[in-house]
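Here the structure is laid out as structure tokens; the discussion comes afterwards.
The values are calculated or read from the model by the stated rules, or taken from the named source; none is laboratory data. Predicted, not measured: the structure shown is a model, and the values here were computed from it. Glycine gets a Cβ as well: all are built from the backbone with ideal geometry, and neighbour counts include every protein chain shown. What goes into the accessible areas is simple: the full protein's heavy atoms, side chains included, and nothing from ligands, DNA or RNA. Shrake-Rupley method; radii C 1.70, N 1.55, O 1.52, S 1.80 Å.
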Amino acid sequence: MALPLFFHNRWLLAPPNLHSLESSFIAIHLLHHTTATAPQPHNPTEEDEPPSKLPPFHHTEHNQPTPIKELLISAIKSASHKTHLLQLHAHMLRTSLVQHPAVSLHFLYRVALSGPLQDHSYSHRFFHTITYPFVSHYNTMIRASSMSDSPQKGLFLYRDMRRRSVSADPLTSTFVIKCCIRFLCLFGGAQVHCNVFKDGHQSDSLLLTSLMDLYSQCQQCRDACKVFDEIPHRDTIAWNVMISCLIRDKRSRDALSLFDVMQNSKYECEPDDVTCLLLLQACAHLNALEFGERIHRYILERGYGAALNLSNSLISMYSRCGSLDKAYEVFKGTCNKSVVSWSAMISGLAANGYGREAIEAFEEMQRLGIRPDDQTFTGVLSACSHSGLVDVGISVFDRMSREFGITPTIHHYGCMVDLLGRAGLLGKAYQLITSMPVRPDSTIWRTLLGACRIHGAVMLGERVIEHLIELKAQEAGDYVLLLNIYSSAGHWDKVAEVRKLMKEKSIQTTPGCSTIEVKGIIHEFVVDDVLHPRKGEIYEKLDEINKQLKIAGYVVEPSSELHKIDDKEKGYVLSYHSEKLAIAFGVLATPQGTTLRVANNLRLCIDCHNFLKTFSWVYNRDVVLRDHNRFHHFRGGRCSCNDYW
DNA sequence: CTAGGGTTAG
């Protein structure tokens, strides 16, 4: 708005950026009539007693339509400079309008919530000068705390509010819950939940949705489900929160099933872009390519195709389902590729064994002027380690901090340990762990232990186990690796010793688990599975496959990976590893020549690796197997990886 | 005597 001419010379006195007539009027008015400087706020320590009755607001004074009040509010609304606000504060004090609910609320709103005038300590000081704060005042303060660095304050305010028997509305609870989520305070959240019932807000869908999110983020999936069941009308966001909860709880399969449930005639809820984002994550976890493709089609149908976050998720999903060409297709079709897109593509190439291509992509993105970040480097370094590009990896690691100013995290060190370890530079890897500035975690020692296994380094292996024991983080898998190190070195006495130790400590092995997707349905198998409805057929098929493979020269490795420690004691000749069961089921359930896609939660053992190599040749089927950190593409008797020989 | 809410990419 153009200012009237007569304001022009005074305009210079007022702070810049005044864009409304009212605000400049007030500001100038104040400049001329105020001698007061910025008010000294009240001392917040002097706590008032809770009011016995309703606030004695002086209606007589302010209730008649005073134009000054309205002007003040609009001035507060349009204030654009700090000094301006201070002047308004002074004015409010002089006219006693500070205690006017509407005025103080507007003022609080400007100071507490995000914007150029935000000032947390000022807002707290101001808030404490309000003698009888209303719900709205508390709401504003609590909401501000939920977005600040000290979300605990929100909970304190909430308690204060209840103590002063100011009744909470659904929004208050929503904001406090947000605070609790910020610092994962399950206890505080549960308190709020109780009060929600007391206040009679137990059927407010939005409030219940945030409660669900609280339980979900605090790893209380069951409570989240309970809350979900109580929501009267579940909208898309409620479903999304439920799905994200299931994914967090590693129940990706259940999460996928909700895609159909929410759409059925009973609920009639349309999945939106966030739903797709979440479900793509679930597909990536489960290696559920067909389901992922379905989501992809849905995205195109709904016209979400241009969204960058969805494209990035698709790239990641396809590459984590071992379908690299599809990932590349999406990648090519993505406009305005961001670091995220490039990193997803690079990690995808890396996990599928295309180290050189990953490096090329890395160079290309730099040529296009996209700055790599820490996650890009994780991808690049893992590409180097999976493809044995030792020198490249070392130089990239070096450039990362020197050229790009990124301090390596534990993940980067992990990649380097893996890289050096695989290449047989075990001493260097050990040295790197002991000299790095971050505290080594169990994963990094485990990586080194894996390298010791490959290279048969008995002594170092023992040392690594000690470190794991020191961290109190040793798992069954670690002892299994140690067992394998001993057994491949022929130290049978030590093997017995470790077994005894494991028994004494009663260490359980993590059950191996494989999934295979057939016609969009995920089938899950564990070692020696007895739960699958077609188990009879499956075991028969597996025996048949075993016979066929033996003819072709496949030999069971007797001293191979001992995933199941008790096998021999139980007298099993051969345990049915879950990946083999999944393969047998795949042969049963899919037509000749179909690629079998299997995901496994552990590291593929040498025996299964040999089994799959021979299988891919004898049965003339491609197998894409994802183990816990990479892909193995089996075709014609060979595997894309160079980890096993 | 009134501002304001919940899910989200590598």
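Observations on the structure shown:
- Positions within region A:458-495 being open to solvent by 60 Å² or more (accessible area, probe 1.4 Å), within 24 Å of A:P511 (Cα to Cα) and of a type in the set (A, V, I, L, M, F, W, C), in sequence order: A:I469
- Extreme residue, modelled with the highest pLDDT, among residues of region A:40-93 that are of a type in the set (D, E, K, R) and open to solvent by 90 Å² or more (accessible area, probe 1.4 Å): A:K77
- Output for region A:329-379, where each listed residue is within 22 Å of A:L310 (Cα to Cα) and of a type in the set (S, T, Y): A:T334, A:S338, A:S341, A:S343, A:S347, A:T376, A:T378
Here's the yes/no breakdown for (1) surrounded by 22 or more Cβ atoms within 10 Å (Cβ to Cβ); (2) among the charged types (D, E, K, R); (3) closer than 30 Å to A:Q263 by Cβ; (4) within 14 Å of DNA strand B (Cβ to nearest atom):
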| site | (1), (2), (3), (4) |
| --- | --- |
| A:R162 | no, yes, no, no |
| A:F175 | yes, no, no, yes |
| A:L206 | no, no, yes, yes |
| A:S210 | yes, no, yes, yes |
| A:R234 | no, yes, yes, yes |
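- Selected residue [at positive phi and either open to solvent by 60 Å² or more (accessible area, probe 1.4 Å) or not charged (D, E, K, R) (or both)] from A:G305, A:G292, A:G322: A:G322
- Counting only helices (runs of 4 or more DSSP H) that sit wholly inside region A:298-372, those with at least 2 residues that are more than 17 Å from A:H386 (Cβ to Cβ), under 24 Å from the mean Cα position of the chain (by Cα) and within 11 Å of DNA strand B (Cβ to nearest atom) are A:308-320, A:339-351.
- Residue ID - surrounded by the fewest Cβ atoms within 10 Å (Cβ to Cβ), chosen from residues in region A:118-140 that are within 11 Å of DNA strand B (Cβ to nearest atom) and in a helix (DSSP H, G or I): A:V135
- Residue, surrounded by the fewest Cβ atoms within 10 Å (Cβ to Cβ), within region A:308-319, restricted to residues that are among the aliphatic types (A, V, I, L, M) and under 25 Å from A:H633 (Cα atoms): A:I315
- Checked against the criterion of being in a helix (DSSP H, G or I) and within 14 Å of DNA strand B (Cβ to nearest atom), region A:263-270 contains not a single residue that satisfies it.
- Checked against the criterion of being in contact with a Ser or Thr (Cβ under 9 Å, 6 or more places away or on another chain), in contact (Cβ under 8 Å) with a residue 40 or more places away in the chain and assigned to a helix (DSSP H, G or I), region A:439-450 contains not a single residue that satisfies it.
- Pair list, Cβ < 9 Å and 6+ apart or interchain, from region A:396-416 residues that are outside any helix (DSSP H, G or I) to residues that are small (G, A, S): A:T407/A:S401; A:P408/A:S401
- Enumeration of residues in region A:236-252 that are near DNA strand B (Cβ under 8 Å from one of its atoms) and either modelled with pLDDT under 95 or hydroxyl-bearing (S, T, Y) (or both): A:T236, A:S244
- Residues located in region A:422-438, provided they are touching a His at 6+ places or on another chain (Cβ under 8 Å) and either part of a helix (DSSP H, G or I) or open to solvent by less than 20 Å² (accessible area, probe 1.4 Å) (or both): A:L426
- Residue in region A:94-117 that is farthest from DNA strand B (Cβ to nearest atom), counting only those that are surrounded by fewer than 16 Cβ atoms within 10 Å (Cβ to Cβ) and not small (G, A, S): A:R94
- Any chance A:L300 is open to solvent by 10 Å² or more (accessible area, probe 1.4 Å) and in contact (Cβ under 8 Å) with a residue 12 or more places away in the chain: no
- Set A:V227, A:V166: member being more than 8 Å from DNA strand B (Cβ to nearest atom), part of a loop (DSSP other than H, G, I, E, B) and not charged (D, E, K, R): A:V166
- Condition met for A:T275 (within 8 Å of DNA strand B (Cβ to nearest atom) and not assigned by TED's automatic domain parsing to the domain that holds A:A351): no
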